[in-house]
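One structure is given here, and the rest of the page talks about it.
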Amino acid sequence: MSSRHFAENDSSELSIDTNTVSCFLEPLKNSRRLANLRKTKHLWLREKISSDCTEINSRLPQLYGIIEADELLGLTRQFATIALATIYYNLGIIYKDCLGLQDLQVSLDSLSRSRELLRGNELDCDAILIVVKSLVAMSEIQATQRWLSEAVKLYLQYSKRDNFRSKPIYTYLADVLKQDLRILLILLYEKIIKRMEVIYSASDEMDEWIKTVHDCLNNRVRIIKSLDEACKWSNAAITISTYLINKLRFHEARNCLAAAEYILDSIEENPSYNVIRYTVKNLQAKVANAWLTYTNYILRESCSYLQAQQQTSYVPIQRAPQELLLFTSLRARLGYFTNRITDSRVSNTYGADIVTDFAVDQYMVACTIFSALGNDGDYFIAMSKCALVFKYLASFSTDIDFQIQVYKCQRKFFYDNYSKYVQKARLLPEFVSDLVVILKMWNGHVKDATQKFLSVIEGIEEFPNLYSITQRTLRFIISTLDDYEQIDRVIVI
């Protein structure tokens with residue numbers, strides 16, 4: 001099939017049987033016109049849509065019969081098939097979205113007919129677009145993985161065969177303008193990915209979603225030309241990493257974040273970087289914030305493991321190995337990014353120090369960008385994560401010198417950020433709850449830490465001011481916590 005079959009006023013249409021074209025062309029054009037009006041709020045227009053849809057439906061058996069008669073040849077048959085599939089698609093989304101006319105079963109039947117008409121044919125790009133759009137619409141009616149998986153296979157079939165060459169498209173599909181087919185399919189694929197994420201996360205089968213995203217990204221990432229497309233893939237890699245971090249699958253998460261960084265670095269080297277500078281900076285902050293979460297979980301799991309080892313009855317939990325071979329096409333390029341940080345638990349203060357240093361670096365990157373972009377919400381979330389890093393670090397040793405070192409870092413971090421937090425919290429009450437959480441953590445931890453070494457450092461000449469500063473800090477945190485807990489209670493009420 002060729003995209004010229006839908007070309008309007010194209011001289012090549014003369015090679016197609018004009019009688020057949022005239023039978024299909026009017027309902028084809030009308031179906032697109034009605035579909036583009038389907039979300040109207042005007043009652044009189046919805047009634048007109050209903051009347052016109054009834055008229056189109058009455059002609060469908062005749063059109064279907066023309067194709068089933070098996071008398072059409074070559075381009076004429078191809079045109080008729082793809083035209084009828086388009087009509088069914090347009091009717092399907094009308095019955096899915098039009099208020100007062102909505103009938104999801106009729107919609108699903110129409111969309112299924114569109115898909116079935118093109119099934120088994122050697123699909124060209126126009127036909128793939130129709131089928132993929134039908135499958136996406138079907139998935140919005142039935143939350144099933146089946147339709148989306150089929151849509152993804154068709155998309156990958158196109159990307160593999162045509163390698164995303166630019167190609168103009170002229171169709172009577174609703175919601176499709178005359179534009180580059182490559183752009184249309186990329187945008188459609190992005191919609192599929194988002195829809196799949198919702199469906200797969202609800203069924204706890206996110207690995208299938210990850211594989212789907214990765215199958216395309218792993219093969220595309222080195223040859224992406226569009227900066228906008230590169231940003232979308234980087235964001236997809238960050239989303240995958242967040243899921244993997246929550247599942248404690250650090251090796252895979254590290255690969256995803258390394259791939260996201262690699263993509264963003266390549267964008268910065270592009271002469272057109274300034275056009276999407278804001279988007280790239282925001283993604284760089286998201287990557288740094290994800291790394292901060294990664295280090296948090298590494299330290300938390302390391303602390304839990306060390307504490308469990310100290311219990312005589314401890315038996316290691318045997319987890320079945322779960323690993324996706326992510327971004328194998330970039331293995332050589334990702335070495336720098338992955339070698340900076342471990343992907344497994346650390347067992348001593350030396351390893352914990354390295355992870356903490358990396359976390360602080362990522363915290364600085366994230367907060368600098370979040371602050372510049374005015375993103376206070378993520379700024380304070382990153383601050384909370386960094387505060388937790390210091391809490392976990394202190395759990396690695398009871399050595400007094402180590403505890404004092406960590407405490408000084410905590411104190412500096414707290415005072416450097418507290419005034420910023422309080423100032424924003426007054427303007428944005430929703431952040432008060434976050435502040436209470438941080439203060440509670442500091443209250444509990446500083447209490448425990450100070451109890452252990454206040455008596456040790458009291459009277460020692462090397463620490464003339466540390467004792468009194470520690471006591472003042474503790475009193476300040478407790479007092480502030482009381483104040484903000486009262487504010488938080490008022491806000492909740």
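The values are calculated or read from the model by the stated rules, or taken from the named source; none is laboratory data. Just so you know, these numbers come straight off a predicted model, no measurement behind them. Heads up, the Cβs are rebuilt from the backbone with ideal geometry, glycines too, and the neighbour counts pull from every protein chain shown.
Tabulated results
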quantity	calculated
Verdict on residue 110 being modelled with pLDDT of 90 or more, farther than 24 Å from residue 154 by Cβ and under 42 Å from the mean Cα position of the chain (by Cα)	no
Pair list, Cβ under 7 Å, 6 or more apart: the stretch 354-368 residue more than 18 Å from residue 417 (Cα to Cα), other residue exposed (fewer than 15 other Cβ atoms within 10 Å of the Cβ) and not charged (D, E, K, R)	none
Residue that is modelled with the highest pLDDT, among those in the stretch 386-432 that are closer than 25 Å to residue 281 by Cβ and charged (D, E, K, R)	416
Answer from 378, 401 - the residue that is among the acidic types (Asp, Glu), farther than 18 Å from residue 294 by Cα and either out of contact with any helix residue (DSSP H, G or I) (no Cβ under 6 Å at 6 or more places or on another chain) or assigned to a helix (DSSP H, G or I) (or both)	401
Residue 57 assigned to a helix (DSSP H, G or I) and touching an Asp or Glu at 6+ places or on another chain (Cβ under 7 Å)	no
Of all residues in the stretch 51-80 being under 41 Å from the mean Cα position of the chain (by Cα) and hydrophobic (A, V, I, L, M, F, W, C), the one that is nearest to residue 38 (Cα to Cα)	53
Test set (1) farther than 16 Å from residue 363 by Cα; (2) of a type in the set (A, V, I, L, M, F, W, C); (3) buried (at least 20 other Cβ atoms within 10 Å of the Cβ) - residue 248 fails condition number	(3)
Search result, residues across the stretch 60-75 that are in a helix (DSSP H, G or I) and farther than 23 Å from residue 132 by Cα	61, 62, 65, 66, 68, 74
Qualifying residue in the stretch 309-324 (condition: outside any helix (DSSP H, G or I), surrounded by fewer than 17 Cβ atoms within 10 Å (Cβ to Cβ), out of contact with any Lys or Arg (no Cβ under 8 Å at 6 or more places or on another chain) and modelled with pLDDT of 75 or more)	no
Test: residue in the stretch 100-115 that is touching a residue at least 40 places away in the same chain (Cβ under 8 Å) and more than 30 Å from residue 210 (Cα to Cα)	yes
Qualifying positions in the stretch 60-96 - modelled with pLDDT of 90 or more and β-branched (Val, Ile, Thr)	86, 87, 93, 94
Condition broken by residue 9, with the remaining ones in (1) over 18 Å from residue 117 (Cα atoms); (2) at pLDDT 90 or above; (3) not β-branched (Val, Ile, Thr) satisfied	(2)
Residue in the stretch 266-276 that is at pLDDT below 85, crowded, with 20+ Cβ neighbours inside 10 Å and part of a helix (DSSP H, G or I) present	no
Total residues in the stretch 139-154, condition outside any helix (DSSP H, G or I) and among the β-branched types (Val, Ile, Thr)	1
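Rundown of residues vs (1) of a type outside the set (Phe, Trp, Tyr); (2) surrounded by fewer than 19 Cβ atoms within 10 Å (Cβ to Cβ); (3) in contact with a Phe, Trp or Tyr (Cβ under 8 Å, 6 or more places away or on another chain); (4) not in a loop (DSSP other than H, G, I, E, B), yes/no style:
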| residue | (1), (2), (3), (4) |
| --- | --- |
| 89 | no, no, no, yes |
| 93 | yes, no, no, yes |
| 96 | yes, no, no, yes |
| 102 | yes, yes, yes, no |
| 115 | yes, no, no, yes |
| 126 | yes, no, yes, yes |
| 130 | yes, no, yes, yes |
| 137 | yes, no, yes, yes |
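Residue by residue, here is whether (1) more than 21 Å from the chain's Cα centre (by Cα); (2) over 22 Å from residue 302 (Cβ atoms); (3) surrounded by 15 or more Cβ atoms within 10 Å (Cβ to Cβ); (4) modelled with pLDDT of 85 or more holds:
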| position | (1), (2), (3), (4) |
| --- | --- |
| 346 | yes, no, yes, yes |
| 351 | yes, no, yes, yes |
| 360 | yes, no, yes, yes |
| 372 | yes, yes, no, yes |
| 384 | yes, no, yes, no |
